[in-house]
Amino acid sequence: MSYFKKTEYEIVLKDSFPVLRGCPKCGRRTDFVNTKKFRVNANGGKLDVWLIYQCEVCKHTFNLTVYERQKVSAIPKKEYSSFLDNDERLADMYGKNIQLFRKNKADIDLERLNYGYVRLGETGESNDPEDGSLITIHNPYRLKIHPEKQIAQVLGLSRSRVKCLLEEGKISLEEQQGQWISFGISGCAEDIPTETK
């Protein structure tokens with residue numbers, strides 16, 4: 001099907017990734033959250049930097065490795081100073097860096113993830129109600145969010161309604177990659193909010 005209107009969205013994180021891990025004090029798996037603080041240790045010209053996470057229940061800490069045995073000269077002076085000052089913006093940036101969590105083999109709690117969608121823009125338009133539209137959702141963090149859930153959240157519909165519309169062919173999942181999905185809406189899908197069509 002050809003689409004006369006194309007709209008793009010992107011998933012954005014509102015908070016740092018929550019980490020689900022075993023807490024030795026609580027004796028069970030709990031959520032650890034970003035304290036927005038760093039721990040810096042210099043030893044013989046080598047530097048270790050950690051982003052400090054803590055258990056939401058008992059405040060037991062877990063250090064997420066940012067730099068390990070790195071030459072001090074290899075870290076930009078401004079960033080090094082920001083580590084020492086516990087710069088919250090830098091801590092938030094590292095708390096949303098998916099590669100850092102993969103490198104640390106940290107288990108992100110997707111159920112507690114606080115994210116939203118931002119509309120990037122749209123191209124094309126049509127006054128014909130029979131013309132369809134294509135919506136692409138970019139997922140730069142490669143979050144494992146089921147396509148039906150993403151479609152429902154962007155359209156403001158329930159997942160069960162989206163499932164029905166997929167079965168009826170009024171919505172069609174066009175393409176699915178790790179970093180994005182595209183789905184089409186047929187022009188006859190009158191029960192879909194007009195601002196997203």
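The values are calculated or read from the model by the stated rules, or taken from the named source; none is laboratory data. This is a predicted model, so every value here is computed, not measured. Cβ atoms come from the backbone with ideal geometry, glycine included; neighbour counts cover every protein chain shown. Just the protein is used for accessible areas: all its heavy atoms, side chains included, with ligands, DNA and RNA removed. Shrake-Rupley method; radii C 1.70, N 1.55, O 1.52, S 1.80 Å.
Some values worked out for this structure:
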| read-out | value |
| --- | --- |
| DSSP bridge orientation in the chain - percent antiparallel, rounded to nearest 5 | 85 |
| Separation of the Arg39 and Lys149 label points, Cα + 7 Å toward Cβ, nm | 3.2 |
| For the stretch 33-134, accessible area per residue (1.4 Å probe, heavy atoms of protein chains only), Å² | 62 |
| Efficiency of FRET between Ser81 and Thr123 - r from beta-carbon atoms, R0 45 angstrom, step 0.05 | 0.55 |
| Accessible area of Ile181 in the full protein assembly, 1.4 Å probe (Å², nearest 10) | 10 |
| For Ser73, solvent-accessible area (1.4 Å; no DNA, RNA or ligand), Å² | 110 |
| Cα-Cα over 26 Å, subset of Lys14/Lys37; Lys37/Lys144; Lys78/Lys144; Lys6/Lys105 | Lys37/Lys144; Lys78/Lys144; Lys6/Lys105 |
| Inter-label distance, nm, simple model (7 Å from Cα along the C-beta direction), Glu111/Arg29 | 0.9 |
| Per-residue SASA entry for Lys59, accessible area with 1.4 Å probe, Å² rounded to 10 | 110 |
| Label-point gap, in nm, between Val12 and Asn63 - each point 7 angstrom along Cα→Cβ | 3.4 |
| Carbon + sulfur, % of accessible area of the chain - ligands and nucleic acids excluded, 1.4 Å | 46 |
| Size of charge dipole - the stretch 57-185 - debye, nearest 20, with Cβ of Lys, Arg +1 and Asp, Glu -1, no other charges | 960 |
